[in-house]
Amino acid sequence: MISLLKNVELYAPDYLGQQDILIAGHCIAMIAKDIDTSLPYTEVIDGQGKIAFPGLVDNHVIVQGGGGESGFTSRTPELKVEDAIRGGVTSLVGVRGTDGMARDLRSMLAKVKSINESGLSCWMLTGSYQMPVKTLAGSISDDIMFIEEIIGVGEIAISDHRSSHPSYKELVSMVAECRVAGMLSGKAGLVKFHLGDDPEGISMLLEMLRNTSLPSLHFLPTHINRNPGLLKQGIEFAKEGGILDFTTSSVPIFLEQGSALASDALIKCLEAGVPLQNMTFSSDGQGSLPAFDEEGHLLGLSYSTPRSLFQEIVALVKQHQLPMEKALAVATSNPANIYKLKGKGRVAQGMDADIVLASPEDLTITDVIAKGKIMLRNGEIKAELPLS
Ligand code: ZN
């Protein structure tokens, strides 16, 4: 299949002006101005008046659904591939949340494979909130080394009432094991840490950054915008080389209780001198959004979707006037680099043809191409969606 995208205003994510993009199979074969239209293309898409940018990388999605925190009826549903497509997301990293018991790794791997079969690209982290880490192949190293889709561990809960409260020594050993397995297999080999509201926050990760030779790319905190104290620690951590992940899904009660929108928090970090390349956005899609009162009673539940990822990028551009190329980086090139997702995160020759088209005025997503396949065309789903 050979397709041609004509006359798009390209953010790769760097701004490259008006370009044509030649797609051969699942790859980008060429980017140039005025590519010959007389060849026998399978399809020519006129992108005049549209912007194009890389398919988004959502690095934190509870793909098989999360464990509800109010009994079995509150379990959240599996990811709908359509939600990812409509949100411009073409690459995902799946994680397990609170429920590391009923949500098993085999069914999660099956879900990851189903997402890949549908035309998107999906990887996963082994384990869940709890330590010791439950694995598929017998150990963290074996999971990363020998299961193609597994690229790290997570999300391990720390500083949270739902955590298994691992010690600093246990965390260092786990990160070191991931790093070695990652080096041997050419994968990221990272540990993703879920942060709760306990006051110690990321102090163990700060200690790891300062007192071990483990590179910061192997231990990533997420939900860093969940309270002001955590964000303050995060700024310190990132200015010393740490990587921060901001959660784009939110509910009003979280904002009332002190969490910040990902867009607001990112701007605060940029103003404080955190390098843009040290920050990523992720949706925490399909995760339950619990709300507790001061005595710990659950007030209510809903669940998030990957669509919030692009909504917060739009907020960066529209509300904070951050240039489009910078706003896009936090959900394209940055996570693709950090998670070592080959062929992802940039529109360039030889990369996977994961491309989103949107209207430049209101940034409505109109078309999505994943690995050269048209998934969304003029707002209509063209992909063959999985049953679940
Ligand atoms: Zn989490």
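Values quoted throughout were computed directly from the atomic coordinates according to the rules given, and no laboratory measurement underlies them. This is a predicted model, so every value here is computed, not measured. Glycine gets a Cβ as well: all are built from the backbone with ideal geometry, and neighbour counts include every protein chain shown.
Quick one: Karplus J couplings for the stretch 199-208, per residue in order, coefficients 6.51, -1.76, 1.60, θ = phi - 60°, nearest Hz, x for Gly and Pro?
x, 5, x, 9, 4, 5, 6, 4, 5, 5
What does DSSP give for the stretch 229-388 in terms of the percent of beta bridges that are antiparallel, rounded to the nearest 5? Kindly include the intermediate steps, with their values, before the conclusion.
Values: 12 of 16 bridges.
Restricted to the stretch 229-388, the bridges split so that about 75 percent are antiparallel.
In terms of modelled amide H atoms, which long-range or inter-chain residues lie less than 5 Å from the amide H of Ile45?
Amide H to amide H, under 5 Å and 5 or more residues apart or across chains, Ile45 pairs with Leu4, Leu5, Lys6.
Hey, can you grab everything whose amide H is under 5 Å from the amide H of Tyr303? Only 5+ residues off in sequence or another chain; H modelled, so Pro and N-termini drop out.
Placed amide hydrogens put Leu289 under 5 Å from Tyr303.
Can you sort Glu69, Glu236 from fewest to most other Cβ atoms within 10 Å of each residue's own Cβ? Show your work: numbers first, answer last.
On the way: Glu69 18, Glu236 14.
Result, fewest neighbours first: Glu236, Glu69.
Run the quick spin-label model on Asp14 and Thr366: label points 7 Å from Cα toward the beta carbon, then report their separation in nm to one decimal.
Spacing of the two 7 Å Cα→Cβ label points: 2.7 nm.
Is the C-alpha gyration tensor of the stretch 72-146 telling us rounded, prolate or oblate? Criteria: a/c under 1.5 is rounded; beyond that, a/b larger than b/c is prolate, otherwise oblate.
Values: a/c = 2.36, a/b = 1.35, b/c = 1.75.
Oblate.
With N denoting the number of residues in the stretch 142-192, provide Rg(C-alpha) divided by 2.2 N^0.38 Å, to two decimal places. Spell out each step's value before the answer.
Numbers: Rg = 11.7 Å, N = 51, 2.2 N^0.38 = 9.8 Å.
Cα Rg divided by the expected 2.2 N^0.38 Å: 1.19.
When all C-alpha to C-alpha distances in the stretch 329-385 are sorted into bins of 10 Å, what percent of pairs does each bin hold, rounded to whole numbers?
23, 44, 32, 1
How many percent of DSSP beta bridges within the chain run antiparallel, rounded to 5?
50 percent
Check Met375: other-chain or 5+ apart residues with amide H under 5 Å from its amide H, H built from backbone geometry?
The answer is Val368, Ile369, Ala370.
Could you work out the mean projected area of the convex hull around the alpha carbons of the stretch 163-229, in square nanometres to one decimal? Display every interim value, and only then the final one.
On the way: hull surface 18.6 nm².
The directionally averaged projection comes out at 4.7 nm².
Label Asp293 and Leu385 with points 7 Å out from Cα along Cα→Cβ: what is the distance between them in nm?
Roughly 3.8 nm, to one decimal.
Quick one: Karplus J couplings for the stretch 40-46, per residue in order, coefficients 6.51, -1.76, 1.60, θ = phi - 60°, nearest Hz, x for Gly and Pro?
x, 5, 5, 7, 10, 10, 7
Applying the Karplus parametrisation 6.51 cos²θ - 1.76 cosθ + 1.60 with θ = phi - 60° to the phi angles of the stretch 188-198, what ³J(HN,Hα) value in whole Hz is obtained for each residue in order, glycine and proline being reported as x?
Along the stretch 188-198, the couplings run 5, x, 10, 10, 9, 9, 7, 9, x, 9, 4 Hz.
Hey, for a label at Ala24 modelled as a point 7 Å past Cα toward Cβ, could you say which residues of the stretch 315-344 have their backbone N under 19 Å away?
343-344
For Glu207 and His165 in one chain, what is 0.36 nm times their gap in residues minus the Cα-Cα distance, to one decimal in nm?
This chain segment gains 13.5 nm when fully extended.
From zero outward in steps of 20 Å, how is the percent of C-alpha pairs of the chain spread across the bins?
Result, from short to long distances: 30, 58, 11, 0 percent.
Of all GluC sites (Glu not before Pro) in the stretch 117-176, which ones are in loop regions per DSSP and have a Cβ with at most 11 other Cβ atoms within 10 Å? Spell out each step's value before the answer.
Values: sites: Glu117, Glu148, Glu149, Glu155, Glu170; in loops: Glu148, Glu149.
Qualifying residues, ordered by number: none.
Please report, in whole Å³, the volume per residue of the convex hull around the C-alpha atoms of the stretch 66-105.
Values: hull volume 3.3 nm³, N = 40.
Taking the convex hull of the Cα positions in the stretch 66-105, it is 81 Å³ per residue.
Per residue of the chain, what 222 nm ellipticity follows from adding -39500 (n - 2.57) for every DSSP H run with n ≥ 4, rounded to the nearest 500?
Values: 11 runs with 104 residues, N = 388.
After summing the helix terms and dividing by residue count, I get -7500 deg cm²/dmol.
Using r as the Cβ-Cβ distance of Gln48 and Lys113, and R0 as 45 Å, what FRET efficiency do you calculate, to the nearest 0.05?
On the way: r = 38 Å, r/R0 = 0.84.
Given R0 = 45 Å and the Cβ-Cβ separation, E is 0.75.
Select from Ser91, Thr73, Leu105 the residue farthest towards the positive end of the dipole of the stretch 63-150; place +1 on Cβ of Lys and Arg, -1 on Cβ of Asp and Glu, and compute about the Cα centre.
Sorting the options by dipole projection puts first Thr73.
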